[in-house]
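*Asks:* Before anything else, here's the structure in question.
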Amino acid sequence: GAVVSQHPSRVICKSGTSVKIECRSLDFQATTMFWYRQFPKKSLMLMATSNEGSKATYEQGVEKDKFLINHASLTLSTLTVTSAHPEDSSFYICSAEVQKFYNEQFFGPGTRLTVL
Amino acid sequence: GENVEQHPSTLSVQEGDSAVIKCTYSDSASNYFPWYKQELGKGPQLIIDIRSNVGEKKDQRIAVTLNKTAKHFSLHITETQPEDSAVYFCAARRNNAGNMLTFGGGTRLMVKP
């Protein structure tokens, strides 16, 4: 199959701190990974497209200096929320594109971020 | 860009009945249409998908139909069970590597025992 993991699953932090979320493809290599944000009872909002070895492509309205994305290997992408504020509290989900499955996207389990 | 509309936003059915969720899309170049099931506090899970070279695809109790001319596709769940209760999202995309999915707004399905 195509399994995507995320760590941590849940994090609580104080305002002003930075939080790193990891997204890993466990049994395949992912050239492209995506980061989404989801508010309660809402749909998924694409934040950025992460390509291995190059800079991420951010969607309009997403601050790249606020949400740092690094895709340093074919199995790992990280999202760092810098100087977090309560309004950054959300459910963050990554997905990875699996080329051998006709570019289907498989999603991680999500990370619940709460900023106090 | 692509725009995907999904209806209804909530759907309540009795166990054993069928459920139908409908989506429309705007980009005629889209050719890949997946459906995801999301349970509370979890990431979306791909349950079925369809590509534009077919009009219907079935997997046990789940089926998806696609009408490219009208630019709409639907999810059909037969013999619903309480464990089918979840939020379902449709999505559309041009099926090239690195292309983003555009999601519908989601449908909260509740199956009453």
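*Asks:* Let me know the mean shielding of B:19-32 by other chains, meaning the per-residue number of their Cβ atoms within 10 Å of its Cβ.
*Replies:* Per residue, the number of nearby Cβ atoms from other chains is 0 on average.
*Asks:* Once each part is reduced to its C-alpha centroid, what is the distance from the stretch B:1-47 to the stretch A:61-77 in angstrom?
*Replies:* Cα centres, the stretch B:1-47 to the stretch A:61-77: 28 Å.
*Asks:* Can I ask one more? For the protein assembly as shown, what is the charge dipole size about the Cα centre, in debye to the nearest 20, if Lys and Arg each add +1 at the Cβ and Asp and Glu each add -1 at the Cβ?
*Replies:* 200
*Asks:* Using Cα-Cα distances under 8 Å and only pairs 6 or more residues apart, what relative contact order does chain B have, in percent?
*Replies:* About 37 percent, as a whole number.
*Asks:* Say a paramagnetic label sat at a point 7 Å from the Cα of A:M45, along Cα to Cβ; which residues of the stretch A:91-116 have their backbone N under 11 Å from it?
*Replies:* Within reach of a label on A:M45: A:91.
*Asks:* Now a separate question. Top mean-square fluctuation among B:V20, B:V64, B:V54, Gaussian network model of chain B, C-alpha springs under 10 Å?
*Replies:* B:V54
*Asks:* Follow-up question, since we're still on this one. Mean projection of the alpha-carbon convex hull of the stretch B:55-113 over all orientations, in nm²?
*Replies:* 5.2
*Asks:* Provide the net charge surrounding A:R37, with neighbours chosen by a C-beta distance below 15 Å and charges set as Lys +1, Arg +1, Asp -1, Glu -1.
*Replies:* Working: positive: A:K41, A:K42, A:K64, A:K66, A:R112; negative: A:E59, A:E63, A:E87, A:D88.
Result for the neighbourhood of A:R37: +1.
*Asks:* Ok, one more. Volume per residue, Å³, of the convex hull around the alpha-carbon atoms of chain B?
*Replies:* Convex hull volume per residue, Cα atoms: 97 Å³.
*Asks:* If one computes P(r) from the Cα atoms of the stretch A:69-110, what percent of pairs lie at distances over 14 Å?
*Replies:* For the stretch A:69-110, the fraction of Cα-Cα distances above 14 Å is 61 percent.
*Asks:* For the protein assembly as shown, place one equal point scatterer on every Cα, skip the solvent, and apply the Debye formula. What is log10 of I(q)/I(0) at q = 0.18 Å⁻¹?
*Replies:* Values, matching the q order: -1.34.
*Asks:* Next question, about the same structure. Rank B:C23, B:Q38, B:S12 by how far each Cα sits towards the positive end of the charge dipole of the stretch B:1-56 (+1 on Lys, Arg Cβ; -1 on Asp, Glu Cβ) and give me just the farthest.
*Replies:* Of the candidates, B:Q38 comes out farthest on the positive side.
*Asks:* List the aspartates and glutamates whose alpha-carbon lies under 12 Å from that of B:K57, not counting same-chain residues fewer than 8 positions away?
*Replies:* Answer for B:K57, where 12 Å is the Cα cut-off: B:D49, listed by chain and number.
*Asks:* Over 31 Å between Cα atoms, which of A:K14/B:K22; B:K22/B:K112; A:K20/A:K42; A:K41/B:K68; A:K55/B:K68 qualify? Spell out each step's value before the answer.
*Replies:* On the way: A:K14/B:K22 42 Å; B:K22/B:K112 21 Å; A:K20/A:K42 23 Å; A:K41/B:K68 29 Å; A:K55/B:K68 35 Å.
A:K14/B:K22; A:K55/B:K68, as the Cα separations exceed 31 Å there.
*Asks:* Sticking with this one: Looking at the protein assembly as shown, which Cys residues are left with no other cysteine's beta carbon under 4.7 Å from theirs?
*Replies:* A:C13
*Asks:* Taking each residue of A:42-52 in turn, how many C-beta atoms of other protein chains fall within 10 Å of its C-beta, and what is the average?
*Replies:* Details: counts 4, 11, 11, 1, 4, 0, 1, 3, 0, 1, 0.
Average per residue, whole number: 3.
*Asks:* Right, here's the next one. Averaged across the residues of B:41-49, what count of C-beta atoms belonging to other chains lies within 10 Å of each residue's C-beta?
*Replies:* Details: counts 6, 7, 15, 11, 3, 7, 0, 0, 4.
Mean shielding by partner chains, rounded to a whole number: 6.
*Asks:* What percent does the relative contact order of chain A come to when contacts are Cα pairs within less than 8 Å and at least six residues apart? Write down the numbers at each step before the final one.
*Replies:* Working: 291 pairs, mean separation 41.7, N = 116.
Over chain A, the number comes to 36 percent.
*Asks:* Please list the radius of gyration and Dmax for chain A, considering alpha-carbon atoms only, with Å as the unit.
*Replies:* Just the Cα atoms of chain A yield Rg and Dmax of 13.4, 42 Å.
FYI, it's all coordinate maths here, none of it is from the lab. Just so it is clear, the model here is predicted, and its values are computed rather than measured. Here Cβ is always computed from backbone atoms with ideal geometry, including for glycine, and neighbour counts include all displayed protein chains.
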